[in-house]
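Participant: Below you will find the structure I want to go over with you.
The values are calculated or read from the model by the stated rules, or taken from the named source; none is laboratory data. Predicted model, so just to flag it, every value in this text is computed and none were measured. Quick reminder, even Gly has a Cβ in these numbers, built from the backbone with ideal geometry, and neighbours come from all protein chains shown. Accessible surface is based on the protein model in full, side chains and every heavy atom, while ligands, DNA and RNA are left aside. Shrake-Rupley method; radii C 1.70, N 1.55, O 1.52, S 1.80 Å.
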Amino acid sequence: MKGMVKMKIGIMSMQRIRNYGSFMQAYCLKRILEQNGNEVKFVDFHIEEPISNELNVDAISELPAFELIKKKINSAKFALLYNYIWLPKYLRVKKEKCYNPKIDKLIIGSDEVFNCTQSSKTIGYSKELFGYGRKNVLTYAASFGYTTKERLEKYKIDHEISEMLKRITKISVRDKNSYNIVNALTKIKPEINLDPVLVSDLSKTNLPKVKNKDYIIVYSYCGRITDKESDFIKAFANKHNKKIISLGYYNQYADKNIVTDPFKMLAYFKNADYVITDTFHGSIFSIIYEKKFVTLVRKTNQEKLDDLLERLKLNDRKIYNLNDLEVKFNEYIDYNKVNEILNCEKEHTLDYLKSNL
């Protein structure tokens with residue numbers, strides 16, 4: 001990013017949301033900015049009440065009592081490590097929230113910072129994520145997630161969001177749905193940038209070693225893989241003599257449920273034989289390490305996953321029924337073509353940041 005003026009930059013993002021994807025996107029944007037001499041600080045936002053009480057999740061499988069205890073232990077361990085080890089060690093984020101550090105500019109993003117109609121009380125409809133009350137704001141790869149223009153109109157916040165977006169100096173989004181919403185509400189044509197995990201040269205990072213061999217990663221939130229789907233996964237694993245490893249989230253059908261450092265998590269992806277995921281960042285981790293992977297598309301993840309895989313010419317990695325695993329994993333993935341796209345997108349990212357910082 002030759003020629004960029006060095007400054008103090010704040011990032012307002014999803015860094016406190018406890019999952020590997022939220023962590024890595026925050027880490028990678030910070031890394032891109034710091035590699036060019038900028039001082040970076042994470043900025044917290046005040047969490048406001050959600051405007052929706054809808055459960056915007058796919059069917060969750062209920063766990064037997066003993067499995068539920070193991071899930072809670074897994075979750076507690078993840079939360080403890082996330083809050084007290086990984087955040088301060090890698091992001092320099094303290095337990096105490098930091099709302100107003102001295103910065104020159106504020107970047108909002110990436111991740112689903114605009115997903116304001118979700119029912120989660122950990123985010124809510126927090127207007128600061130749209131730049132409210134802030135100065136010198138731009139966004140990077142911000143996403144509305146499964147929020148649509150129709151949902152904004154349903155909750156009667158479309159005009160309010162329009163006014164907030166118009167005050168942002170420069171808007172970058174990461175998907176077509178977000179582009180269309182911004183354009184419809186403001187007549188602004190935002191930039192479209194890939195998630196920072198894809199454009200930060202993360203694949204060149206030295207990773208710790210893992211001892212496990214001959215395994216499949218299933219990267220999915222606890223309970224989202226149905227019993228029928230898990231039967232297909234187990235059948236495929238048994239046929240190919242592979243163990244099933246679930247990273248971060250507890251899944252009872254897995255041979256191993258592993259909570260580990262974010263960079264060791266990446267090492268597990270790098271050394272996996274196959275990856276099955278229904279998440280955005282699970283797909284990204286697979287792409288970075290050129291894995292044989294499939295992405296299970298669901299109603300609540302379709303907007304972002306369709307866009308990601310289409311832009312990288314990986315539409316054939318989408319799967320709707322896991323009885324097709326054998327066929328999908330035998331298909332050739334042209335990662336040379338994918339890497340050509342990623343190289344162009346990296347330049348696009350650097351140009352965007354250079355022009356607006």
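Participant: Return only the number of the condition from (1) of a type in the set (A, V, I, L, M); (2) at pLDDT 95 or above; (3) surrounded by 14 or more Cβ atoms within 10 Å (Cβ to Cβ) that I85 does not satisfy.
Facilitator: The number of the failed condition is (3).
Participant: Also, I was wondering about something else. Do you know which residues across the stretch 100-114 are assigned to a loop (DSSP other than H, G, I, E, B) and surrounded by fewer than 22 Cβ atoms within 10 Å (Cβ to Cβ)?
Facilitator: N100, P101, K102, I103, D104
Participant: Still on this structure, please answer the following. Looking at I287, is it farther than 30 Å from P88 by Cβ and surrounded by 23 or more Cβ atoms within 10 Å (Cβ to Cβ)?
Facilitator: For I287, the condition - farther than 30 Å from P88 by Cβ and surrounded by 23 or more Cβ atoms within 10 Å (Cβ to Cβ) - is not met.
Participant: Please give the number of the condition L129 fails out of (1) among the aliphatic types (A, V, I, L, M); (2) free of Cβ contacts under 8 Å to residues at least 12 places away in the same chain; (3) in contact with a Phe, Trp or Tyr (Cβ under 8 Å, 6 or more places away or on another chain).
Facilitator: Looking at each condition in turn, L129 falls short on (2).
Participant: Cβ-Cβ below 7 Å, separation at least six or inter-chain, first residue in the stretch 345-357 and closer than 19 Å to G10 by Cβ, second assigned to a helix (DSSP H, G or I) and of a type outside the set (A, V, I, L, M): which pairs?
Facilitator: Sorted first by the residue in the stretch 345-357, then by its partner, the list stays empty.
Participant: A follow-up question, please. Take E191 and tell me if it is open to solvent by 10 Å² or more (accessible area, probe 1.4 Å), farther than 30 Å from Y82 by Cβ and in contact with a strand residue (DSSP E or B) (Cβ under 8 Å, 6 or more places away or on another chain).
Facilitator: yes
Participant: Still on this structure, please answer the following. Could you give every pair whose Cβ atoms fall below 6 Å, whose first residue belongs to the stretch 211-228 and is surrounded by 14 or more Cβ atoms within 10 Å (Cβ to Cβ), and whose second residue is of a type outside the set (V, I, T) and not in a loop (DSSP other than H, G, I, E, B), counting only separations of at least 6 or pairs across chains?
Facilitator: Y215/K243; I216/A237; I216/Y274; V218/S246; Y219/L247; Y219/G282; C222/K71
Participant: While we're looking at this one, here's another question. Would you mention how many residues in the stretch 18-54 are part of a loop (DSSP other than H, G, I, E, B) and touching a strand residue (DSSP E or B) at 6+ places or on another chain (Cβ under 8 Å)?
Facilitator: Residues that pass the stated criteria total 4.
Participant: Limited to the stretch 1-18, what total is found for residues that are in contact with a helix residue (DSSP H, G or I) (Cβ under 9 Å, 6 or more places away or on another chain), surrounded by fewer than 22 Cβ atoms within 10 Å (Cβ to Cβ) and more than 21 Å from Y84 (Cα to Cα)?
Facilitator: Qualifying residue count for the region: 4.
Participant: Condition first: in contact with an Asp or Glu (Cβ under 7 Å, 6 or more places away or on another chain), at pLDDT 95 or above and open to solvent by 10 Å² or more (accessible area, probe 1.4 Å). Can you find one or more residues in the stretch 252-264 that meet it?
Facilitator: No.
Participant: I've got another one for you. Of all helices (runs of 4 or more DSSP H) completely enclosed by the stretch 143-205, which ones contain at least 3 residues that are free of Cβ contacts under 8 Å to residues at least 60 places away in the same chain and of a type in the set (A, V, I, L, M, F, W, C)?
Facilitator: Helices (runs of 4 or more DSSP H) meeting the threshold: 158-166, 176-186.
Participant: Check the stretch 172-183 and report whether any residue there is among the hydrophobic types (A, V, I, L, M, F, W, C) and open to solvent by 10 Å² or more (accessible area, probe 1.4 Å).
Facilitator: Within the stretch 172-183 (the criterion being among the hydrophobic types (A, V, I, L, M, F, W, C) and open to solvent by 10 Å² or more (accessible area, probe 1.4 Å)), the answer is no, since none of the residues qualifies.
Participant: So, one more: Name the strands (runs of 3 or more DSSP E) wholly inside the stretch 246-357 in which the number of residues that are more than 20 Å from the chain's Cα centre (by Cα) is 2 or more.
Facilitator: 256-258
Participant: Would the stretch 127-138 turn up any residue that is modelled with pLDDT of 95 or more, open to solvent by 30 Å² or more (accessible area, probe 1.4 Å) and outside any loop (DSSP other than H, G, I, E, B)?
Facilitator: Yes, because at least one residue in the stretch 127-138 is modelled with pLDDT of 95 or more, open to solvent by 30 Å² or more (accessible area, probe 1.4 Å) and outside any loop (DSSP other than H, G, I, E, B).
Participant: Out of the stretch 305-357, which residues are buried (at least 17 other Cβ atoms within 10 Å of the Cβ) and acidic (D, E)?
Facilitator: D306, D307, E345
Participant: Since S143 meets every condition but one in (1) at pLDDT 95 or above; (2) surrounded by fewer than 22 Cβ atoms within 10 Å (Cβ to Cβ); (3) at negative phi, which condition does it not meet?
Facilitator: Every condition holds for S143 apart from (2).
Participant: Restricting to the stretch 236-245, and then to whatever is assigned to a helix (DSSP H, G or I) and open to solvent by less than 60 Å² (accessible area, probe 1.4 Å), can you tell me which residue is nearest to L91 (Cα to Cα)?
Facilitator: A237
Participant: Considering only residues of the stretch 19-35 that are touching a residue at least 60 places away in the same chain (Cβ under 8 Å) and more than 17 Å from I85 (Cα to Cα), which is surrounded by the most Cβ atoms within 10 Å (Cβ to Cβ)?
Facilitator: Only one residue tops the list, namely L29.
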